[in-house]
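For reference, the structure discussed in these notes is given below.
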Amino acid sequence: MGSSSFGRALLRCKPVSALVDEHGGGKGHLQRSIGLFQLTMLGVGATIGTGIFVALTAAVPEAGPAVVISFIIAGITAALTALCYAEIASTIPVSGSSYSYAYATMGELVAYIVGACLLLEYAVSASAIAVGWGQYLNEMFNDLFGWQMPDAISQPPGAGGYFNLPAIVLVAMCASLLIKGARESTTVNAILVVVKLGVLALFVVIAFTAFNTENLEPFTPKGWLGVGAAAGTIFFSYIGIDAISTAGEEVKNPRKTLPAGIILSLLLVTAAYVLVAFAAVGAQQWTEFAGQDAGLAVILRNITGSNWPSLLLSVGAIVSIFSVTLVVMYGQTRILFAMSRDGLLPKLFQKVDPQTMTPVTNTYIVAVFIALLAALVPLDVLANLTSMGTLIAFAVVSAGVIILRRTRPDLPRGYMVPLFPYVPIASVLFCVYLITQLPWNTYLLFIVWIAIALVIYFGFSFRNSALAKTGA
């Protein structure tokens, strides 16, 4: 193959019509069973639980009380990206999220790299979320029985643990539910989301009774660099936007339902995040957050002097972290499914159970990988790696909106980004800014991951691409 034809092969794009047609139904396809309420709850479920229940205690020491601004910066970035997701998801309503969108707009190699970013983002974020489960279980056990699991089996490495057993149990429970089917998984998730929104509302009400403006001083103790660093760290908690678009093949009336679900879930999430963060830093000195396991539950116990509010919040966090892990694992199995169907990963990843119409093999593989990460890798490393993968995927989607408007203005769109092209451009710039705020070791680990992915691409995917076999 000559260098020019090799270059063209790397940049070959999958026609939008082919993407939509192959996701239309029948054997080897997923079932359309998800409505707007379930989809919105899927987005909220994938989002609320990480930045508030787990990562807040890591973000406050970086930014101080100005962590509220960090959440707003991350929320603005997510909002700009959400508008872009809403347009492209309504134009290409398929599973695979930003991987599939990149394949239609930027070519196979870029799509494959985005797919690798997504697999990293989903696996690592599920692990980061699962890590926090043991902390809130211990808080609940302490409130109920005055007993806690030993740190060696309930904490991540770097925090006194050797092997995080609760995280493995959580992943196994989520995998068993996902195997039952998408309808069952999203229904359970919707119930859990309503519960955790109620628990967070309770936290806000109680925390505001102890609100002290002196706790907000100094507002930016680490300067604006600290605010940016915290925004970069917590951005992984906005992964729910992408998780919604992975359900593209299982949503009823996707051209209308997908954009509505994306925008509704983001509005709910951002309002909840900012309210809870503001109430938390107003009720407790920012210097007390560092190393505070199950932080929100501890704040409530300190305010009320009683265990029951802390117990309720711990139960809410346990429910919340379960629902986030469930949705994130769901998203990863669907991305593997889409990449396998395109020939870029082995065929075993596209096997669908004839009864449940779910990719069962994927679920087992994903569960084992996530459980090992959650059991053995420190939390801060997991959070920053997730942010890197999320931000790259978001930037690609925003750029894809611009490309698709230029190359295929004729495509039917259920929603169109306002103030085009300024919103997609602003989204890309915000994503790049947050990427620059991540620590250097995150870049190093990310480069290693992409290097491994490229070895797999040129060793297997390039030669087995379904698009190449069609002569594209």
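Each Lys and Arg Cβ is given +1 and each Asp and Glu Cβ -1; about its Cα centre, the chain then shows a dipole of about 1660 debye.
For the chain, adding -39500 (n - 2.57) for each run of n ≥ 4 DSSP H residues and dividing by the number of residues yields -23000 deg cm²/dmol at 222 nm.
Rounded to the nearest 10 degrees, the angle from helix 36-47 to the longest Cα principal axis of the chain is 60 degrees.
In the structure shown, the pairs LYS256/LYS347; LYS14/LYS351; LYS252/LYS469; LYS14/LYS252; LYS14/LYS180 are assessed against 27 Å; a Cα-Cα span above that value is assigned to LYS256/LYS347; LYS252/LYS469; LYS14/LYS180. Return the tail of the calculated pair distribution for the range 200-345, meaning the percent of Cα-Cα pairs more than 19 Å apart. The answer is 64 percent, as a whole percent.
Computed on the range 392-451, the Cα convex hull volume stands at 97 Å³ per residue. Could you tell me how many degrees, from 0 to 90 and to the nearest 10, lie between the Cα long axis of helix 254-283 and the main elongation axis, the longest principal axis, of the Cα atoms of the chain? Roughly 20 degrees between the two axes.
Hydrodynamic estimate: the Kirkwood radius of the chain over Cα pairs, inserted into Stokes-Einstein at 20 °C and 1.002 mPa s, corresponds to D of 97 µm²/s. Please give me the summed charge of the neighbours of ASN464: other residues whose Cβ is under 10 Å from its Cβ, Lys and Arg +1, Asp and Glu -1. After counting each charged neighbour, the total is +2.
No lab work stands behind these numbers, since they all come straight from the coordinates. Since we're looking at a predicted model, the values are computed, not measured. No Cβ is skipped: glycine too gets one built from the backbone with ideal geometry, and neighbour counts run over all protein chains shown.
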